Amino acid sequence: MRQQSIRIDDLAKPLLTPMQQAAIDSAAGAPRTLSVEQVLDAARRATGLHDFGPDNFRERLAIWLQSVADDEGLSALGRANLHGDFIRLAANRLLVEDLVRRHPEILDIELERPIIIAGLPRSGPPHQVNLISADSRL
């Protein structure tokens, strides 16, 4: 039996569903460049919180934002997605700082070294987790 070849003829200009095209079109309005203050202000508005804790993260955020700004191959949709990620992560920082401020006893909880399992998709990490969790010492 002879195999049929697969031909993908829309790589240069993909055929999109109306929903996909609407998502791409709506992303065109996303900011081309982002600043640290834009991201942090959006996180403040999203949470109603203001205390980010130590400012030692701002330089890393600025570098991350600059790398996105410098990426000429990044689409408007990619920028919009990353913009959302930046705000979500900054909001998470606000929420964690608020939680620790309200419950400082959290910092007294001793954590043992974690076991980190990483693997490629479909390579079996969930099975490894199941096997390790069967160990009564864990």
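The values are calculated or read from the model by the stated rules, or taken from the named source; none is laboratory data. No experiment lies behind these values; they were computed from the predicted model shown. All Cβ positions, glycine included, derive from the backbone under ideal geometry; neighbour counts span all protein chains shown. For accessibility, only protein heavy atoms count, side chains too; no ligands or nucleic acids. Shrake-Rupley method; radii C 1.70, N 1.55, O 1.52, S 1.80 Å.
With the structure loaded, tell me whether residue 76 is surrounded by 14 or more Cβ atoms within 10 Å (Cβ to Cβ) and at pLDDT 90 or above or whether it fails that test.
Against the criterion (surrounded by 14 or more Cβ atoms within 10 Å (Cβ to Cβ) and at pLDDT 90 or above), residue 76 does not qualify.
Output yes when any residue across the stretch 36-49 is open to solvent by 60 Å² or more (accessible area, probe 1.4 Å), touching a residue at least 24 places away in the same chain (Cβ under 8 Å) and within 20 Å of the chain's Cα centre (by Cα), and no when none is.
Yes - at least one qualifying residue is present in the stretch 36-49.
Restricting the search to the stretch 102-138, which residues are outside any helix (DSSP H, G or I) and under 30 Å from residue 51 (Cα atoms)?
Those that are outside any helix (DSSP H, G or I) and under 30 Å from residue 51 (Cα atoms): 103, 109, 110, 111, 112, 113, 114.
Just the residues that are in a helix (DSSP H, G or I) and either buried (at least 16 other Cβ atoms within 10 Å of the Cβ) or touching a Gly at 6+ places or on another chain (Cβ under 9 Å) (or both), please, taken from the stretch 58-73. Walk me through it before giving the result.
Applying the first criterion (in a helix (DSSP H, G or I)) to the stretch 58-73 yields 58-70.
The answer is 61, 64, 65, 68.
Mind checking which residues of the stretch 24-35 are small (Gly, Ala, Ser) and open to solvent by less than 40 Å² (accessible area, probe 1.4 Å)?
27, 30 - these are the residues of the stretch 24-35 that are small (Gly, Ala, Ser) and open to solvent by less than 40 Å² (accessible area, probe 1.4 Å).
Mind checking whether some residue in the stretch 109-130 is within 30 Å of residue 46 (Cα to Cα) and either open to solvent by 70 Å² or more (accessible area, probe 1.4 Å) or out of contact with any His (no Cβ under 8 Å at 6 or more places or on another chain) (or both)?
Checked the stretch 109-130: at least one residue is within 30 Å of residue 46 (Cα to Cα) and either open to solvent by 70 Å² or more (accessible area, probe 1.4 Å) or out of contact with any His (no Cβ under 8 Å at 6 or more places or on another chain) (or both).
Of the residues 21, 4, only one is open to solvent by 70 Å² or more (accessible area, probe 1.4 Å) and in a helix (DSSP H, G or I); which?
Values: 4 fails: in a helix (DSSP H, G or I).
Only one candidate qualifies: 21.
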